[in-house]
Each structure stands twice: as C-alpha cells, then as structure tokens.
Amino acid sequence: EPEVTQTPSHQVTQMGQEVILRCVPISNHLYFYWYRQILGQKVEFLVSFYNNEISEKSEIFDDQFSVERPDGSNFTLKIRSTKLEDSAMYFCASSELVRGMDTEAFFGQGTRLTVV
Amino acid sequence: AQSVSQHNHHVILSEAASLELGCNYSYGGTVNLFWYVQYPGQHLQLLLKYFSGDPLVKGIKGFEAEFIKSKFSFNLRKPSVQWSDTAEYFCAVRGDDKIIFGKGTRLHILP
C-alpha cells in the first residue's frame, strides 16, 4: 500500500539553527499538508500546499516557516531559526483530490524535532 | 472556520466494556468527518470516515461512528474494547481544505 514517508524520524538541533524536514507524499496526490503535535497536546494544522503554492496556513505558520516542493517527489518544511517551543512531532500528509473534500489524508510516521 | 471538541480527555475502561467517545464539531457547510487513532509511539491512522450517505459508518477493528447532523456530532463507539485499543483517539473535521483535529481522548484499557 502506498504511504507517506518522512525523514528523518528524529532530529535534534540547537536553538537558532535551521532545520529541513522532508516528506515524500503518495505519488498521485496533489494536496500536501504539514501538521505538528507538541508532546501531550493536539495535532495542529500548519499549512496546506497545492499547485506549488500555499493554499492555506495557520497563525502558527509565521515567517520562520516555509514549505517547498523542490522536485516532483519531495515536500519540505523549513524552520529558519529554531526555538525551544518548536520541539514537537511534525506530520506530513497528502490527499488525492484537488480541493481535498471527500478524500482522506494519509499521514506519515512523523519527524520528532527536539530543539536544545 | 471549523472547530472540533472532544468531551473526554482521558477514559479508563476494563476489557470487554463498551466505549463511546463524544465529538462535536462546528461548521456551517458540508463536512467530512474522521476518527484517527494514534497508538503509543506511532503515527496517526485512520479508523473511519464519513463523507456522505449512511450516517452510521463502520471502520477498522470493530469501531463505528454515527453522524447526527442535527446535533453536529460524530461519536465513536465500540461494543467491547480490548487491551490493544489503548491509544489516543482524535476526532477530525474537514470543512474546507484543511483537516482540523480535536484535542484527543486518551483511552486506557485495563486488562
């Protein structure tokens, strides 16, 4: 069964450093998402991406964050200057249809980001 | 914008007990509804989904949920839980492009 893959599974970084989290969505999917889950808290929407541009973003997704689809398969989340409060599990997801309705989103295994 | 509320943060049950986890959502238009499960140390997995049609939907592992439009609810049920159902359960709604999750319910099943 096709799946969303994320690398690395765990990333430790120093405060102030830049990190790039990588995702390979399911190949025929058109809609991509990033979510994060701070330990013990709910899963929060960060951003959705379609047709090489951001479709929607939350208030969490400030200027520190950016997303990119650098080639036909990868979808990346960059955090420019990490803060301690960026420590969380980051989930990538993808879905098939254009507007996303009537289709499920498939989630990757997540990247646990620890900022020290 | 849509929102989701889950009534119970932490539920403890004995094996073979029946389960019902409450979920209410807020959105003015057509919605897609989901329940996801997250087993300890694992990623989110889809339990079941409602798009349209029969409001009683059946998912994996014996779970089911009923969409009651008039109550804006989508409660998750299982007649007899097992120890392996210990996990966190998230109700989620899509009313536009994004899926919004509830805060989650931690379910702990006593053997």
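Give me the distance in nm between label points sitting 7 Å out from Cα along the Cα-to-Cβ direction at A:Asn51 and B:His9, one decimal.
Modelled inter-label distance: 4.3 nm.
Cα to Cα, under 22 Å, and not fewer than 8 places away if on the same chain: which lysines meet these conditions relative to B:Lys69?
Within the straight-line cut-off, B:Lys69 pairs with B:Lys49, B:Lys58, B:Lys78, B:Lys98, B:Lys103.
Using only atoms on other chains, find how many Cβ atoms lie within 10 Å of each Cβ of peptide B:87-100 and report the average.
Per residue, the number of nearby Cβ atoms from other chains is 5 on average.
For a test of the definition: using alpha carbon positions, the gyration tensor, and the 1.5 limit on a/c, classify chain B as rounded, prolate or oblate.
prolate
Using θ = phi - 60° and the Karplus form 6.51 cos²θ - 1.76 cosθ + 1.60, what ³J(HN,Hα) does each residue of region B:7-23 get, whole Hz, x for Gly and Pro?
6, 10, 7, 9, 10, 10, 9, 8, 3, 6, 6, 8, 10, 9, 10, x, 8
If the only charges are +1 at each Lys and Arg Cβ and -1 at each Asp and Glu Cβ, what is the size of the charge dipole of chain A around the Cα centre, to the nearest 20 debye?
Around 300 debye, computed over chain A.
Which one, B:Asn32, B:Asn75, B:Asn24, has the greatest fluctuation when you compute a Gaussian network model over chain B with C-alpha springs under 10 angstrom?
B:Asn32
What does the charge dipole of the protein assembly as shown about its Cα centre add up to, to the nearest 20 debye, if the Cβ of each Lys and Arg holds +1 and the Cβ of each Asp and Glu holds -1?
Here the protein assembly as shown has a charge dipole of around 360 debye.
Throughout, read-outs are computed from the coordinates displayed, never taken from laboratory work. These numbers were taken from a predicted model, which means no experiment stands behind them. When we count neighbours, we look across all protein chains shown, and the Cβ atoms used for this are built from the backbone with ideal geometry, even at glycine.
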